[in-house]
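What follows is a short report on a single structure.
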Amino acid sequence: MNIGQSIIEALETLNGNKLRSGLTILGIVIGVGAVIAMLAIGQGAQDTITSAISGIGTNLLFVSSGNDILNVRNPKPLTLGDAQAIADPFAAPDVLAVAPIIQGRSDVTAGGQTMSVSVTGTTPQYFIMQNYSLLEGDFLTQDNLQGNASAVVIGPGVADKLFGRRNGVVGETIRINGQPFRVVGILQSKGGGTFGSQDNQVIVPFTTAQTRLIHRSALNEVDQLYVQVVSAQAVPLATDEVKQILRQRHRTPVGIDDFSVFSQADFLSIATTVTGVFTIFLGGIAGISLLVGGIGIMNIMLVSVTERTREIGLRKALGARKRDILIQFLIESSMLSLIGGMIGILLGWFLGFIVGRVAAASGNPFNPAISLNAILLATLFSAAVGLFFGIYPANRAAGLEPVEALRYE
Amino acid sequence: MAKDWVIHAEDLMKVYQMGEVEVRALAGVSCNIKRGEVVAIMGPSGSGKSTLMNILGCLDLPTSGKYILDGEAVETLSDDQLADIRNRKVGFIFQSFNLLSRTTALANVELPLRYAGNVPNKKERARAALESVGLGDRISHRPTELSGGQQQRVAIARALVNDPAIIMADEPTGNLDSKVGKEILELLLALNRDNGTTLIIVTHDQAIAAQTQRIIHLRDGLVEEKK
């Protein structure tokens, strides 16, 4: 029997019982739609996070105290001395610059307005590494650093809140923890990033922060070191150099570092792993609804076989072989799942679109990405569901004895 | 003379196991039917005439015995081969018509050709068969749009379309009023007269049986041949 003709006949049969076919298809539509939407959302989350991480520059290393993998007792804190040692061009030829960072939260006030912001104490190199640009004024200078100056660079969010404007703020005075600081520059807005808004921060000279704002137990202790590498290709070399220097200075036993060095690639691979697991998890849950839809197909096909016993008997009397009957019912069940799959792809795309819109409206730009792979996967999977759950009913139909089937009332 | 026999059955037995009890539906039936003959099978209910028809129509296999249909020994065939025999050599006409209600008259008649595999001009042959039963103007009607007599004509066209060796009619007029029933019988007999189609009619109706050339009477799974 001709396949094209069988498909037309199957569609006519399904069309003959619109409500029943429609409800069966709906089960698959929801299943496939959920799978597509979940995969799209997972993929979108992954894209957003990786692009945020890519934005921090490919040639930066982040050094922090402690070890995330091994449990190290009493890790030595990172110090300014460590920063200077890493900055030494003879010891670490692949390192371009080092910025020590010390961070805390403080209240800033000006003109009766108060705001809680993140305070970063660092060196002038930091601005270059972070790719900041200025609305007006200047970055912190080496003189500010050496003179323990009460100078501060503020984010645009802080200027908005404290002064209600972004122009002409340079030269004004703000109080951090009650101590007066002169504003020397205003940063350009970077918008809300994945790691919190960078607009609501103030940056002061490292020395000033260390002596007057953020107190740490050890002398010259820093929270983090930002290391700029000469080029992206040199990142592995620079990582080794930094580790070598810190091992010597901290006198750690071999293989038990009391510090961690992360590159952007490390962050990227961690984020990809996490979002990958997240996507599989979501897709798996959605897959369950596809399975339920498949059971719906099996159920309705079994009913259909019973109802059409006489028809099957007649077809056999007219010369249909087992295989003809089997194919007929398999085509019907795969048509159900295929149509459901196609509508489901549209539904999933629509759901993803809505989620993207909701995310954008709530200030987290996020694009659910429907990949061709997801569509292929869902289509194949739904066709396979139709075939798999159609086999049992179709087999049952094909195995009917013609005499019995013809006599069936 | 054996070559003239389109049906040659020897000592057909059919035994059903109903729980503990064996039921002998056929207890050794032998019959020969010549090509072009019109034969009626009669008998009270339970006499085995349906069983005999099913076996002669290759819908069922005998428990024992020998059956040759149009030169092919049937009792050795597989399910698929039996399906093929039914398709090519037997045309069925049922009491309740058994048309597919969702499809047109033409598609119903075409169905056996589609199961036959690579047959050219399916549509033309189906249309010709419908014309030969006088329904040339009804080819795209669905069974629900046709009268009982017209539905049975479609069924006859469907039985004819593959040019079978025998046509088996099981109470072909049982669901029709007597006037229409007479027309259907006339049509069947005319097919025999004009094309020489072998016709086997299973019936209760003495009046129908009287118009055939020969009657096979069955009683308790055995033949009482008369006339």
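Within chain A, which complete DSSP H helices have Cα atoms spanning at least 15 Å along the helix axis and a mean Kyte-Doolittle hydropathy of -0.5 or higher?
Values: long enough: A:3-16 (19 Å, 0.47); A:18-54 (51 Å, 1.20); A:235-250 (22 Å, -0.63); A:264-307 (63 Å, 1.51); A:322-361 (58 Å, 1.38); A:372-398 (37 Å, 1.35).
Helices meeting the span and hydropathy rule in chain A are A:3-16, A:18-54, A:264-307, A:322-361, A:372-398.
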- Helical mean residue ellipticity (222 nm; -39500 (n - 2.57) per DSSP H run of 4+; nearest 500) of the protein assembly as shown: -15500 deg cm²/dmol
- Note on the structure: Given A:158-165, A:215-222, the highest-first ranking by average Cβ count within 10 Å works out to A:158-165, A:215-222
- Calculated FRET value between A:ASP160 and A:SER217, using beta carbons and R₀ = 35 Å, to 0.05: 0.50
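Could you please report the charge total around B:PRO172, scoring K, R as +1 and D, E as -1 over all other residues with beta-carbon less than 13 angstrom from its beta-carbon?
-2
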- Message: How shielded is A:369-382 by partner chains, expressed as the average number of their Cβ atoms within 10 Å of its Cβ atoms?
- Response: 0
- Item | Most mobile listed residue (A:ASP143, A:ASP199, A:ASP94) in chain A, GNM with C-alpha springs under 10 Å | A:ASP143
- Put +1 on the Cβ of each Lys and Arg and -1 on the Cβ of each Asp and Glu in the protein assembly as shown; which of A:ILE214, B:LEU130, A:GLY363 then has its Cα farthest toward the positive end of the dipole? B:LEU130
- Task: Mind pulling up the Rg/Rh value for chain A? Radius of gyration and Kirkwood radius, both on Cα.
- Result: 1.25
- Modelled FRET efficiency - R0 22 Å, B:THR63 with B:SER30, Cβ distances, 0.05 increments: 0.90
- Task: Starting from the Cα-Cα distance between A:LYS190 and A:LEU19, subtract it from 0.36 nm times their residue separation and give me the gain in nm to one decimal.
- Result: 56.2 nm
- Order by protection proxy (mean Cβ within 10 Å, highest first), peptides A:167-179, B:190-202: B:190-202, A:167-179
- Grab the other residues whose beta carbon is less than 13 angstrom from that of A:SER118, score K and R as +1, D and E as -1, and report the net. -2
- Query: Which whole number gives the average count of other chain Cβ atoms within 10 Å of the Cβ atoms across peptide B:81-87?
  - Reply: 5
- Message: Using +1 at the C-beta of Lys and Arg and -1 at the C-beta of Asp and Glu, which of A:ILE3, A:ALA87, A:GLY16 has the Cα lying farthest in the positive direction of the dipole of the stretch A:1-91?
- Response: A:GLY16
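State whether the stretch B:76-227 is rounded, prolate or oblate according to the following rule on the C-alpha gyration tensor (a ≥ b ≥ c being the square roots of its eigenvalues): a/c under 1.5 gives rounded; otherwise a/b larger than b/c gives prolate, and the remaining case gives oblate.
Oblate, because a/c is 1.5 or more while a/b does not exceed b/c.
Just check the stretch A:38-113 against the gyration tensor rule for me: Cα atoms, a ≥ b ≥ c as the square roots of the eigenvalues, rounded for a/c under 1.5, and otherwise prolate or oblate depending on whether a/b exceeds b/c.
In terms of gyration-tensor shape, oblate.
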- Net dipole in debye of the stretch A:1-122 [+1 Lys, Arg Cβ; -1 Asp, Glu Cβ; about Cα centre; nearest 20]: 360
- Message: Let me spell out the model: positive unit charges on the Cβ of Lys and Arg, negative unit charges on the Cβ of Asp and Glu, origin at the Cα centre of chain B. What dipole size does that give, in debye rounded to 20?
- Response: 580
- Message: Ratio of alpha-carbon Rg to the 2.2 N^0.38 Å globular estimate for the stretch A:128-202, to two decimals, please.
- Response: 1.07
- Task: Take every residue in peptide A:270-278, count the Cβ atoms of other chains within 10 Å of its Cβ, and give the average of those counts.
- Result: 0
- Query: In terms of the Cα gyration tensor, with a ≥ b ≥ c the square roots of its eigenvalues, is the stretch B:118-187 rounded because a/c is under 1.5, prolate because a/b exceeds b/c, or oblate?
  - Reply: oblate
- Note on the structure: Per GNM of chain A with C-alpha springs under 10 angstrom, the most fluctuating residue out of A:LEU140, A:LEU302, A:LEU60 is A:LEU302
- Message: Could you tell me which residue out of A:ALA97, A:THR120, A:TYR408 lies farthest along the dipole of the protein assembly as shown toward its positive end? Charges go on the beta carbon: Lys and Arg +1, Asp and Glu -1, centred on the Cα centre.
- Response: A:TYR408
- Give the Debye-formula value of log10 I(q)/I(0) at each listed q (0.13, 0.14, 0.27 Å⁻¹), with one equal scatterer per alpha carbon of the stretch A:338-409, two decimals each. -0.59, -0.63, -1.10
- Query: Rounded to the nearest 0.05, what FRET efficiency do A:ARG175 and A:ILE128 have when you use their Cβ-Cβ distance and R0 = 35 Å?
  - Reply: 0.80
- Please give the net charge around B:GLY196, taking every other residue with its beta carbon less than 13 angstrom from that of B:GLY196, where Lys and Arg add +1 and Asp and Glu add -1. -1
- Message: Taking 25 Å as the cut-off for C-alpha to C-alpha distance, list the pairs among B:LYS122/B:LYS179; B:LYS89/B:LYS123; A:LYS316/B:LYS49; B:LYS49/B:LYS182; A:LYS76/A:LYS243; B:LYS122/B:LYS182 that go past it.
- Response: B:LYS122/B:LYS179; B:LYS122/B:LYS182
- Message: Please list, by residue number, everything in the stretch A:328-367 whose backbone N is under 16 Å from a paramagnetic label point 7 Å out along Cα→Cβ of A:ASP47.
- Response: A:348-361, A:364-367
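Just so you know, all these numbers are worked out from the coordinates, no wet-lab data involved. Keep in mind that what you see is a predicted model, and the values were worked out from it rather than measured. FYI the Cβ positions are ideal-geometry reconstructions off the backbone, even for glycines, and counts take in every protein chain you see.
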